[in-house]
Amino acid sequence: MKPKSPQESRAETAVLMMPPDANPMGNVFGGVIMKHVDLVAGIVAKRHAGHANLVTASIDRVTFLRPVFIGNALVLSARINYVRRSSMEVEVDIDSEDFDAGARVRTGTAFVTMVALDKDGRATEVPQLLLETDEEKKRFSEGKRRMMTRLREAGKA
Ligand SMILES: CC(C)(COP(=O)(O)OP(=O)(O)OC[C@H]1O[C@@H](n2cnc3c(N)ncnc32)[C@H](O)[C@@H]1OP(=O)(O)O)[C@@H](O)C(=O)NCCC(=O)NCCS
């Protein structure tokens, strides 16, 4: 399988937050944000892996540093950091855009592990990463370290 650059699978989504997404005070639910995080991570993994069925194996602890309100755009920027055999670490930056203030602030960052499955539901190999820049190499080694930690915590290593 030909290695692929992390640039090939990058994705950004912007979703306008509406009243059903929030509590009565207008604060968007964490679960709504996580749904969109999962969706954009799936798009990145699908772009990288191609035809496979992609499932979420884990999402690392996420802290919401700032609120997102009704009428803000939830802006998610996602990229692949690390690939093992069938698993991929996708990093998702979570921003809130306030149109009135013309400001965009970082709400949090999520690390999502996606696993590629074949048609029989077995974990299947995905392309390795083509690392061209120092930043991509740094992200890869940091992603590898985080993956070892999460597998140890899950009792898988
Ligand atoms: C993810 C899943 C396929 C792993 O199954 P498994 O029996 O552990 O399979 P394997 O041992 O073959 O592992 C497959 C890959 O998953 C990785 N993996 C398994 N558990 C993991 C975890 N908790 N965190 C990160 N990666 C994990 C393994 O390291 C392996 O990666 P590699 O091939 O790159 O080395 C299985 O747990 C599953 O189907 N979970 C449900 C996924 C789902 O439906 N998610 C949506 C929400 S329910």
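Put simply, of Gly71, Gly26 the only residue that is on the phi > 0 side of the Ramachandran plot, touching a residue at least 12 places away in the same chain (Cβ under 8 Å) and touching a strand residue (DSSP E or B) at 6+ places or on another chain (Cβ under 7 Å) is Gly26. Restricting attention to the stretch 68-92, the residues that are surrounded by fewer than 24 Cβ atoms within 10 Å (Cβ to Cβ) and within 8 Å of the ligand (Cβ to nearest atom) add up to 4. Of the residues that make up the stretch 51-61, is at least one of a type outside the set (Lys, Arg), closer than 26 Å to Glu132 by Cβ and free of Cβ contacts under 8 Å to residues at least 24 places away in the same chain? Yes - at least one qualifying residue is present in the stretch 51-61. Residues of the stretch 1-44 that are acidic (Asp, Glu) and in contact with a Phe, Trp or Tyr (Cβ under 7 Å, 6 or more places away or on another chain): Asp21 alone. Taken over the stretch 95-130, the criterion of being closer than 19 Å to Ile43 by Cα, surrounded by fewer than 22 Cβ atoms within 10 Å (Cβ to Cβ) and of a type in the set (A, V, I, L, M) is satisfied by Val115, Leu117, Ala123, Leu130.
Filtering the stretch 1-24 to residues that are over 18 Å from Ala73 (Cβ atoms) and part of a loop (DSSP other than H, G, I, E, B) leaves Met1, Lys2, Pro3, Ser5, Arg10, Asn23, Pro24. The residues of the stretch 24-61 that are among the aliphatic types (A, V, I, L, M) and at pLDDT below 95 amount to a single one, Ala52. Does the stretch 137-149 contain at least one residue that is more than 15 Å from the ligand (Cβ to nearest atom), farther than 22 Å from Ala49 by Cβ and at pLDDT 95 or above? Yes, the stretch 137-149 contains at least one residue that is more than 15 Å from the ligand (Cβ to nearest atom), farther than 22 Å from Ala49 by Cβ and at pLDDT 95 or above.
I'm checking my understanding of the structure. Among residues of the stretch 25-62 that are under 16 Å from Met147 (Cβ atoms) and assigned to a loop (DSSP other than H, G, I, E, B), which one is farthest from the ligand (Cβ to nearest atom)? Result: Arg61.
The values are calculated or read from the model by the stated rules, or taken from the named source; none is laboratory data. Please read all numbers here as calculations on a predicted model, not as lab measurements. Note that each Cβ is placed from the backbone with ideal geometry, even for glycine, and that neighbours are counted across all protein chains shown.
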